[in-house]
1. Write out, first by first residue and then by second, each pair whose Cβ atoms fall under 8 Å of each other, whose residues are 6+ apart or on separate chains, and whose first residue, in the range 124-153, is over 20 Å from residue 187 (Cβ atoms) while the second is open to solvent by 80 Å² or more (accessible area, probe 1.4 Å).
2. Counting only residues that are assigned to a loop (DSSP other than H, G, I, E, B) and modelled with pLDDT under 95, which one in the range 89-107 is most open to solvent (accessible area, probe 1.4 Å)?
3. Which of the residues belonging to the range 429-485 are in a loop (DSSP other than H, G, I, E, B), touching a residue at least 40 places away in the same chain (Cβ under 8 Å), of a type in the set (A, V, I, L, M, F, W, C) and farther than 11 Å from residue 104 by Cβ?
4. Out of curiosity, is residue 150 assigned to a helix (DSSP H, G or I), surrounded by fewer than 19 Cβ atoms within 10 Å (Cβ to Cβ), modelled with pLDDT of 95 or more and on the phi < 0 side of the Ramachandran plot?
5. So which residues in the range 205-249 are of a type in the set (Asp, Glu), within 21 Å of residue 6 (Cα to Cα) and over 18 Å from the mean Cα position of the chain (by Cα)?
6. Tell me the residue from 83, 76, 61 that is under 30 Å from residue 476 (Cβ atoms) and either among the basic types (Lys, Arg) or touching a Ser or Thr at 6+ places or on another chain (Cβ under 6 Å) (or both), please.
7. Looking only at the range 395-423, which residues are in contact (Cβ under 8 Å) with a residue 60 or more places away in the chain and open to solvent by 60 Å² or more (accessible area, probe 1.4 Å)?
8. Any idea which of (1) at pLDDT below 95; (2) within 24 Å of residue 8 (Cα to Cα) is the one residue 275 doesn't satisfy?
Amino acid sequence: DGRLTFYPGNQTVDLPFINFMRRYGTVFLNAYTNSPICCPSRAAMWSGLFTHLTESWNNFKGLDPDYVTWMDLMEKYGYHTQKYGKLDYTSGHHSVSNRVEAWTRDVDFLLRQEGRPVVNLTGDRKHVRVMEADWRNTDKAVNWIKEEAINLTQPFALYLGLNLPHPYPSPYAGENFGSSTFLTSPYWLEKVTYEAIKIPKWSSLSEMHPVDYYSSYTKNCTGEFTKQEVRNIRAFYYAMCAETDAMLGEIISALRDTGLLKKTIVIFTADHGELAMEHRQFYKMSMYEGSSHVPLLVMGPGIKKQQQVPNVVSLVDIYPTMLDIARIPVPQNLSGYSLIPLLCGKAENEASPRGPRPSWVLSEFHGCNVNSSVYMLRTGKWKYVAYSDGHSVLPQLFDLTADPDELTNVAIKFPVIVRSLDKILRSVVNYPKVSSSVQEYNKRQFISWKQSLGQNYSNVIANLRWHQDWLKEPKKYENAIDKWL
């Protein structure tokens, strides 16, 4: 959640290396993901293209494997490149359930698809390395810096992808379980200031926007939660952020120890945030700030120190920025704009040959846990969220200055603003058309999957992640699918 990287979000948890980057570099106060889910977001970041252009519709459908990423170009232009950890930009490593849930989101049924969010404390005060896989990848990156990077005659680009602070799988929910366990150790939990944790306000279920209600239901969050449960989920999430911060610290320390820190640009960002029980949801897949607002901090030679940039930016800007850093010509077809003018504190009129950076960012979502394609345009104090074809589901408009918690949809109150933002949105993406092509894609994919199962279909579909609900009335849900098809 990007809001943790600047005041007042960082009062809840001790993040020394994020703070180090703020002190010696630039923090973006309004950085957004272009799609609030792993694979489509990473596809945008590695390609510099919006989701409707990559057609990375869900966690299985990412970039074409032969797409030329910014790292491929840097390698072509003489950089030594190295990747460790989670990539997930051609396809995510997710279950059949994820796929089927994304394809069937237009079916007229409500089924819980996630385990109920819970916390789990492991180990004792000496237990530092909770997420072992991430630590192993961090160690590999550190060793590479100390053993390889230090001896290179050419410049290098190193990428480290971490899984944290992502909730962990929840085996209790069945074999196709999702990730709804917030896991940490006492060591990290001690870095969290419990008193500073805000308990989010919830609308009543009957007042929720229909798409939000669907999300809360499928995420298994419509039941009763005590304040203590909510506070714990948030605290454990912050503790997982503290562990992630320590991994960033290992990289910064390795660069410092080798004398490379002074001549290396470091970028810290994320594919999406975590709602951690805001708006009666956990996980991502939403345009609310907790899910769509990402961290973006940059430090290094030529980068302005202690700078806070208020401009709206997004992950598609990483591609042209990396090429700009490496002085490689930037392709003209990109959705993003280089961040270098902002990072160096230059006036916008010294911007790219493509003209000035737009005053808006776009995010879109077409995957599971949301029963409609969603499009978000953020500009100035406004966040406009449109759904599906633009008229069958009511839009949302939030004034983030007056209502930072996004509790009041003011779309009906400001029809002129809705119209002008919708016009901008349609000039960027013909969203009714994109929504309908996603619907066709979902149907096509589902039909071919169903045919591949033959006689086994009924048994397989009944035992996906929604099995606890499905098995009560399997015929009813199969009929709903047939009706949809």
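1. As it stands, the answer is 146/257, since those pairs meet every condition given.
2. Checking each candidate, the answer is 93.
3. At the first step, the residues of the range 429-485 found to be in a loop (DSSP other than H, G, I, E, B) are 429-430, 463-466, 471-473, 485.
In the following step, the residues that additionally are touching a residue at least 40 places away in the same chain (Cβ under 8 Å) were identified as 429, 463-466, 485.
Filter once more, so that each one left must be of a type in the set (A, V, I, L, M, F, W, C): 429, 464, 466, 485.
Once the filter is applied, which keeps residues that are in a loop (DSSP other than H, G, I, E, B), touching a residue at least 40 places away in the same chain (Cβ under 8 Å), of a type in the set (A, V, I, L, M, F, W, C) and farther than 11 Å from residue 104 by Cβ, the range 429-485 yields only 429.
4. Yes: the conditions hold for residue 150.
5. Initial filter on the range 205-249 (of a type in the set (Asp, Glu)): 207, 212, 224, 229, 243, 245.
Next cut, within 21 Å of residue 6 (Cα to Cα) only: 243, 245.
Once the filter is applied, which keeps residues that are of a type in the set (Asp, Glu), within 21 Å of residue 6 (Cα to Cα) and over 18 Å from the mean Cα position of the chain (by Cα), the range 205-249 yields only 243.
6. From the options 83, 76, 61, the qualifying one is 61.
7. 404, 405, 407, 409
8. Among (1) at pLDDT below 95; (2) within 24 Å of residue 8 (Cα to Cα), residue 275 violates only (1).
The values are calculated or read from the model by the stated rules, or taken from the named source; none is laboratory data. What you see is a predicted model; the values in this text were computed from it and never measured. A quick note on method: Cβ atoms are made from the backbone with ideal geometry, for glycine too, and the neighbour counts reach across all protein chains shown. What goes into the accessible areas is simple: the full protein's heavy atoms, side chains included, and nothing from ligands, DNA or RNA. Shrake-Rupley method; radii C 1.70, N 1.55, O 1.52, S 1.80 Å.
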